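Report on the structure given below.
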Amino acid sequence: MRIIAGEFRGLALASIGKGDVGAHLRPTTDRVRESLFSVLTAGKYGDAVEDARVLDLFAGTGALGLEALSRGAEYVTFVDDGRKAQSLISENIAKCRAEGRTHLMRTDATRLPPNPDAPYDLIFLDPPYAKGLGEKAIAAAIEGNWLTPRALVVWEDSAPITPPDALVLLDTRKYGDTKINFLEPK
């Protein structure tokens, strides 16, 4: 797993092999990440990454948030409650020397507290597949004022999602078993 483009281009991130079943880690593949960021930086959403405040829910290894930071995002908050994930995220932040532009929240993404800071422009939501955790996490993020009115939510899952009433589904892209859904506030 590596950073694909930008400031940290080519940097190898901490490896977890094929995934950590016990920790429920399932990193987004380089190929899917490359396709996703092509959409986010040069697609129909303009450049959703440049100068964005990014919230990475169920951050896992932190690869999505760090890719965004590498491509010009202003700041990234990673949210994960797994010890293995927290260790990997911390290691990857250090590899990128991005401590001053990131924050790791060691909490359950489905139980986000109220946001103590400015809201976020780009939200990555990559919960364990087909468990309904994405719906709970995005509801907590909306309730806690984590999204700007123009936020773009990128929700990865294998099953169909049920967006909350506050969001509208813009598009869905399929990459093998992975579906990436793009949503925005109504």
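Contact map, region 148-166: first residue more than 22 Å from residue 37 (Cβ to Cβ), second residue open to solvent by 40 Å² or more (accessible area, probe 1.4 Å) and among the aromatic types (Phe, Trp, Tyr), Cβ cut-off under 7 Å, separation 6 or more or different chains; pairs are 159/129.
Output the qualifying pairs, or none if there are none: Cβ atoms under 9 angstrom, residues six or more apart or on different chains, first residue in region 3-17 and more than 15 Å from residue 64 (Cβ to Cβ) and among the polar types (S, T, N, Q), second residue open to solvent by 20 Å² or more (accessible area, probe 1.4 Å) and modelled with pLDDT under 85. Note: pairs meeting the criteria are 15/1.
For region 60-76, residues that are under 16 Å from residue 127 (Cα atoms) and either among the β-branched types (Val, Ile, Thr) or more than 13 Å from the chain's Cα centre (by Cα) (or both) total 1.
Among the conditions (1) under 18 Å from residue 11 (Cβ atoms); (2) under 11 Å from the mean Cα position of the chain (by Cα); (3) open to solvent by less than 10 Å² (accessible area, probe 1.4 Å), the only one that residue 79 does not satisfy is (1). Considering only residues in region 18-67 that are open to solvent by 40 Å² or more (accessible area, probe 1.4 Å) and of a type in the set (Val, Ile, Thr), the one that is modelled with the highest pLDDT turns out to be 41.
Yes/no per residue for (1) open to solvent by 50 Å² or more (accessible area, probe 1.4 Å); (2) over 15 Å from the mean Cα position of the chain (by Cα); (3) not polar (S, T, N, Q):
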| position | (1), (2), (3) |
| --- | --- |
| 131 | yes, yes, yes |
| 142 | yes, yes, yes |
| 152 | no, no, yes |
| 158 | no, yes, no |
| 171 | no, yes, yes |
| 175 | no, yes, yes |
| 178 | no, no, no |
| 185 | no, yes, yes |
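Just one of the listed residues (137, 151) is hydrophobic (A, V, I, L, M, F, W, C), closer than 13 Å to residue 54 by Cβ and modelled with pLDDT of 95 or more, namely 151.
The values are calculated or read from the model by the stated rules, or taken from the named source; none is laboratory data. The structure presented is a predicted model; accordingly, all values stated were derived computationally and were not measured. A quick note on method: Cβ atoms are made from the backbone with ideal geometry, for glycine too, and the neighbour counts reach across all protein chains shown. Side chains are part of the model used for accessible areas, which takes the heavy atoms of the whole protein and leaves out ligands, DNA and RNA. Shrake-Rupley method; radii C 1.70, N 1.55, O 1.52, S 1.80 Å.
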